[in-house]
Structures are given as C-alpha cells and as structure tokens.
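What follows is a set of notes on a single structure, which appears directly below.
The values are calculated or read from the model by the stated rules, or taken from the named source; none is laboratory data. Just so you know, these numbers come straight off a predicted model, no measurement behind them. Reconstructed Cβ throughout: ideal geometry from the backbone, glycine too, with neighbour counts over all protein chains shown.
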Amino acid sequence: MTDFLVQFSYPMLLQDLHELTKLGAQKPMSFWWPDYQPKAKPLAEDLSALAEGIEKGTGVRENLESLIELLSSEEPNEYELARKISYAAELFREQLNTLSEEDRGLVFRFISDSKKFYGRAQTSELLERERNKLKTALSPEEQTARDRRLFELEGMMYCLEYYLAMYKAILDAPDESAKRKIIESTEIIFDFGQLPGLWIDFDKDEVLQKFILKILNDDFRVELQTAYFQTKAEFAKILMSCDKQGTCQASYHETTLDETIQSFKKLLKTFIAVFQKAGLEQLSSYFLTPFGKNAKLSEIKI
C-alpha cells in the first residue's frame with residue numbers, strides 16, 4: 001500500500017482529484033458539472049495506470065477500480081462518487097510520514113474536503129429518498145399541506161426569521177468590525193438567547209438540512225437551493241481558522257465584506273419571494289422580531 005500511496009501522491013494527480021472534491025464539498029454536482037466533465041475521464045485514465053501496479057483482489061485495488069468506473073461513467077451517482085473519493089482520501093492518513101511537507105498539507109485538505117463532500121452528498125441522498133417516498137404516499141393536496149406546515153414551522157422559525165434577525169443585526173451594526181462579528185463569530189448573543197453566526201451556519205448547512213431539502217414542491221426547492229448555494233459559495237471564500245475554544249480568525253479570500261453581505265441580502269430576497277409564493281405573508285415568532293411583531297413580508301424592505 002505504501003508504494004501505491006507514494007505514486008498516488010504525485011502532485012498533479014492529487015491536485016486534480018482534490019479540485020473535484022473541493023467543489024463537491026461546497027455544492028451539488030449539478031452546479032459544477034461543467035467543471036467535472038473535462039476532468040473526469042483523464043483522471044480515470046491516470047488512476048487506471050496506478051491501479052495496474054496494485055495487487056488484484058485487494059481492498060485498495062477494488063475501491064480504486066470502483067472510483068475509476070464512476071469517473072468513467074456518463075452519469076455517476078454523486079453519493080457513490082463522494083463515498084469512493086472519501087475512501088481514497090483516507091488511504092493517505094497512515095502514510096503521511098512518507099510524504100513531503102507540501103504534499104502532506106495537500107493531503108490534509110483533501111481528507112477534510114472529502115469528508116465534507118461525503119457528508120453533504122449523503123444528506124442530499126437521504127433527503128431525496130425521503131421526498132420520493134412522501135410523493136408516492138401523499139396525494140397532491142396532501143403534499144401541498146405538508147409543505148405548508150414545513151414552511152410555517154421549520155422554514156419560518158428556524159430559517160427565514162433567523163436570516164432576518166441576522167440581516168437586521170448587520171444593518172444596525174455601528175461599524176465594519178461589528179458587522180464582521182455577526183458573520184464570523186461562532187455565536188451571536190441576542191436579548192432572548194444565542195444564535196449561530198452566519199459563516200458557521202452556512203458551513204454546517206443547517207438551513208439546507210432543516211428546511212430546503214425537505215420541500216416537496218420542486219419549483220420552490222430548486223429556487224431556494226440555487227440561491228442558497230450561490231450565497232454559500234460567497235461565504236466559503238472567507239477562510240476561517242478556529243481554535244478549540246471557538247475563537248476564530250477570518251481572512252476574506254477573493255471576496256469582501258460588502259460582497260458577502262450583498263450575497264446574503266440576495267438570498268434573503270429569494271426566501272421572502274418563495275415564502276410568498278407558498279402562501280405565507282406574516283411572520284410568527286415571539287422572539288425573532290427584528291422588523292416588529294407580526295410583521296408582514298410585503299412590508300419588509302431590505
């Protein structure tokens with residue numbers, strides 16, 4: 001296995017595999033398909049050459065061949081691709097001492113992104129199966145009613161009103177440092193309690209998992225999902241380094257504070273529009289009331 005890993009750590013090959021993995025960690029495959037297509041088959045060919053030097057019948061050879069088959073496929077299953085890439089990335093963990101310092105850094109990033117890719121793809125796969133079961137079991141009227149409850153509960157309380165509270169806090173912040181704190185801090189303290197900062201919320205895909213990917217209406221879900229990942233990509237440009245105590249240092253890489261806020265504002269506008277399309281007009285929270293109690297969506301100006 002060591003010989004395999006030494007070959008596999010060849011910088012260009014590892015970098016190419018990591019580039020796809022990094023995209024998968026950030027957003028669904030449908031969003032980066034144009035980047036995937038020209039890279040997949042050349043990468044499969046390079047990995048095939050490496051596989052020839054590995055003993056047949058071993059777990060390493062079999063998993064590598066499965067990854068090669070997926071990369072060679074016209075329509076690979078995203079979850080299976082993420083799973084096989086995650087397995088390949090983990091092969092490096094026990095062999096890091098055989099690599100150069102530069103390659104070790106690349107391997108650590110590869111392992112980290114492969115876990116994010118696998119976690120995101122797994123969640124997406126499970127929630128898609130759940131949606132398909134519900135669509136089979138429920139009538140169109142029951143699906144609409146089910147979505148309505150989802151919008152009123154998880155969607156309103158944990159997503160839209162959370163976003164509105166964070167956006168209003170950014171607007172009311174006295175200076176750039178205070179605005180950055182709302183984005184970068186692990187937790188933000190409000191009068192009624194604590195809420196996660198925006199960067200950590202996007203990094204964990206809380207809104208995506210609690211609400212967006214559970215929506216049965218394809219039009220509503222796709223519109224929110226598209227807007228969500230566009231904004232998530234902007235937040236992902238903020239490089240965050242946090243210690244064990246939760247203290248974080250942020251570096252704005254290829255973005256600015258204003259660009260980040262404007263992207264969040266655009267997402268919030270999409271949320272409001274989709275909620276209105278779903279027939280909801282009035283906010284309901286007794287705690288998250290940045291625009292006043294019982295505020296109407298049509299009256300909120302952002």
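Going by what's in this entry, would Lys22 be described as under 24 Å from Leu239 (Cβ atoms), among the basic types (Lys, Arg) and at pLDDT 80 or above?
Taking the combined requirement at face value, the residue satisfies it.
Quick check on Ile183: is it more than 28 Å from Gly279 (Cβ to Cβ), assigned by TED's automatic domain parsing to the domain that holds Ala233 and in contact with a strand residue (DSSP E or B) (Cβ under 8 Å, 6 or more places away or on another chain)?
In short, yes.
Just give me the residues in segment 259-300 being among the charged types (D, E, K, R) and at pLDDT below 95, in sequence order.
The answer is Glu281, Lys293, Lys296, Glu299.
When Ala49 is evaluated against the numbered criteria (1) in contact (Cβ under 8 Å) with a residue 12 or more places away in the chain; (2) farther than 29 Å from Trp199 by Cα, which criterion, by number, is the only one it fails?
Result: Ala49 fails condition (1) only.
Could you check Leu64 against (1) surrounded by fewer than 20 Cβ atoms within 10 Å (Cβ to Cβ); (2) of a type outside the set (S, T, N, Q); (3) within 20 Å of Glu19 (Cβ to Cβ) and say which number it fails?
Leu64 satisfies every listed condition except (1).
For segment 222-242, give me each residue that is among the hydrophobic types (A, V, I, L, M, F, W, C) and either surrounded by fewer than 15 Cβ atoms within 10 Å (Cβ to Cβ) or closer than 13 Å to Lys265 by Cα (or both). Full working, then the answer.
To start, the set of residues in segment 222-242 that are among the hydrophobic types (A, V, I, L, M, F, W, C) comprises 222, 224, 227, 229, 233, 235-236, 238-240, 242.
Listed by number, the residues that qualify are Val222, Ala227, Phe235, Leu239, Cys242.
Just for segment 243-257: of the residues that are surrounded by fewer than 15 Cβ atoms within 10 Å (Cβ to Cβ) and of a type in the set (Ser, Thr, Tyr), which one is farthest from Lys22 (Cα to Cα)?
Thr247
With the requirement that a residue be touching a Ser or Thr at 6+ places or on another chain (Cβ under 9 Å) and either more than 16 Å from Glu45 (Cα to Cα) or among the polar types (S, T, N, Q) (or both), what does segment 61-80 give you?
Scanning segment 61-80 gives Ser72, Glu78, Tyr79, Glu80.
Would you please name the residue that is modelled with the lowest pLDDT, looking only at residues in segment 82-97 that are within 11 Å of Asn63 (Cα to Cα) and in a helix (DSSP H, G or I)?
So, considering only residues that are within 11 Å of Asn63 (Cα to Cα) and in a helix (DSSP H, G or I), the one modelled with the lowest pLDDT is Ala88.
Working only within segment 258-294, note down all residues that are surrounded by 17 or more Cβ atoms within 10 Å (Cβ to Cβ), of a type outside the set (S, T, N, Q) and touching a strand residue (DSSP E or B) at 6+ places or on another chain (Cβ under 9 Å).
Across segment 258-294, the qualifying residues are Leu283, Leu288.
Starting from residues that are part of a loop (DSSP other than H, G, I, E, B) and over 25 Å from the mean Cα position of the chain (by Cα), keep the ones in segment 175-197 and report whichever is surrounded by the most Cβ atoms within 10 Å (Cβ to Cβ). Spell out the reasoning first.
At the first step, the residues of segment 175-197 found to be part of a loop (DSSP other than H, G, I, E, B) are 175, 185-186, 191-192, 197.
Okay, now just the ones that are also over 25 Å from the mean Cα position of the chain (by Cα), so 175, 191-192.
Numbers: Asp175: 8, Asp191: 5, Phe192: 12.
Across segment 175-197, the extreme among qualifying residues is Phe192.
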